[in-house]
Amino acid sequence: MEPHLDADTMYIHHQQVYQRECEALNALLDDWEKLQSFTLLDLIQKDLQVPTVQEQWIKHSAGGVFSHSAYFAGMGIPGQRLPDGPLGQVIQATYGSLENFMNLFTQACQSVKGVGWVWLVADPEGGVHMVMTKDNQVPRLELVRPLLVNDLWEHSYFLKYGVDVVQYCKNWFQLVDWAGAERRYREYLIHGTELPHQGSSRE
């Protein structure tokens with residue numbers, strides 16, 4: 001990931017923040033055997049039929065695990081090939097150019113108040129959209145499929161970039177796995193409701 005994301009940030013983010021989110025979710029599920037076979041999508045989308053406070057914590061942790069899984073899955077080594085397939089074409093048709101899309105996406109990242117995420121999602125008709133979510137909330141997964149997401153919690157960038165969110169976002173684009181995003185886009189157009197990260201919630 002160097003030089004765009006430093007090793008210390010990646011270690012803290014993946015081995016501490018993400019790992020603890022998984023552990024927190026597992027600990028919450030230990031109290032509810034009926035939920036232990038649920039997928040992350042089940043935990044996020046369904047009425048869990050548990051007390052409200054516990055349901056809010058479970059959904060918060062499940063959203064964090066889902067979002068982090070999508071974040072790490074969406075990145076690769078520096079210098080990834082730019083999208084030139086159907087996804088690249090629809091981005092250009094929607095935003096005028098890939099460069100303009102990146103600029104608008106970066107502006108969206110900069111405008112996040114507090115903590116949250118900025119997503120590129122696809123709809124069932126093949127359109128693409130930018131979605132901003134707060135805290136550990138995720139997009140409406142019954143309506144769209146996530147293709148890429150950038151993490152705007154401070155642990156993602158502060159060690160290297162301080163408060164310079166714009167530079168963080170610009171450099172994050174150097175790590176985006178466009179081939180993976182193209183693959184997710186193609187699969188969604190073919191399979192419709194299929195989504196990534198549907199495995200058991202027990203990480």
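The values are calculated or read from the model by the stated rules, or taken from the named source; none is laboratory data. Everything numeric here is computed off the predicted structure, so don't read it as measured data. With ideal geometry, Cβ positions are generated from the backbone for all residues, glycine too; neighbour counts draw on all protein chains shown.
Against the test of being within 24 Å of ARG186 (Cα to Cα), touching a residue at least 60 places away in the same chain (Cβ under 8 Å) and not assigned by TED's automatic domain parsing to the domain that holds ILE44, the options LEU147, LEU143 yield a single qualifying residue, LEU147.
Suppose we filter segment 85-120 for residues that are part of a loop (DSSP other than H, G, I, E, B) and surrounded by 13 or more Cβ atoms within 10 Å (Cβ to Cβ); how many remain? Full working, then the answer.
If we filter segment 85-120 for residues that are part of a loop (DSSP other than H, G, I, E, B), which is where we start, we get 85, 96-97, 112-115.
From the residues that got through so far, the ones that are surrounded by 13 or more Cβ atoms within 10 Å (Cβ to Cβ) too are 85, 112, 115.
Qualifying residue count for the region: 3.
Every test in (1) out of contact with any His (no Cβ under 7 Å at 6 or more places or on another chain); (2) of a type in the set (Gly, Ala, Ser); (3) surrounded by 15 or more Cβ atoms within 10 Å (Cβ to Cβ); (4) not assigned by TED's automatic domain parsing to the domain that holds TYR168 is passed by ALA27 save one, and that test is (3). Look at (1) surrounded by fewer than 18 Cβ atoms within 10 Å (Cβ to Cβ); (2) closer than 21 Å to ARG145 by Cα and you find that PHE38 fails only one, number (1).
Please go through segment 2-38 and pick out each residue that is part of a helix (DSSP H, G or I), within 22 Å of ASN171 (Cα to Cα) and in contact with a helix residue (DSSP H, G or I) (Cβ under 8 Å, 6 or more places away or on another chain). Step through it out loud before you land on a result.
Pass one, segment 2-38, residues part of a helix (DSSP H, G or I): 7-29, 33-35.
Of the ones still in play, those that are also within 22 Å of ASN171 (Cα to Cα) are 7-15, 17-18.
Selection gives ASP8, THR9, ILE12, HIS13, HIS14, VAL17, TYR18.
Suppose we keep only residues that are of a type outside the set (A, V, I, L, M, F, W, C) and outside any helix (DSSP H, G or I) within segment 162-177. Which one would you say is surrounded by the fewest Cβ atoms within 10 Å (Cβ to Cβ)? Among those that are of a type outside the set (A, V, I, L, M, F, W, C) and outside any helix (DSSP H, G or I), it is GLY162.
For segment 138-161, a residue qualifies if it is at pLDDT 95 or above, within 16 Å of HIS60 (Cβ to Cβ) and in a loop (DSSP other than H, G, I, E, B), and the qualifying residues are VAL138, PRO139, TRP153. Exactly one residue out of LEU48, LEU5 is buried (at least 16 other Cβ atoms within 10 Å of the Cβ), modelled with pLDDT of 95 or more and on the phi < 0 side of the Ramachandran plot: that is LEU48.
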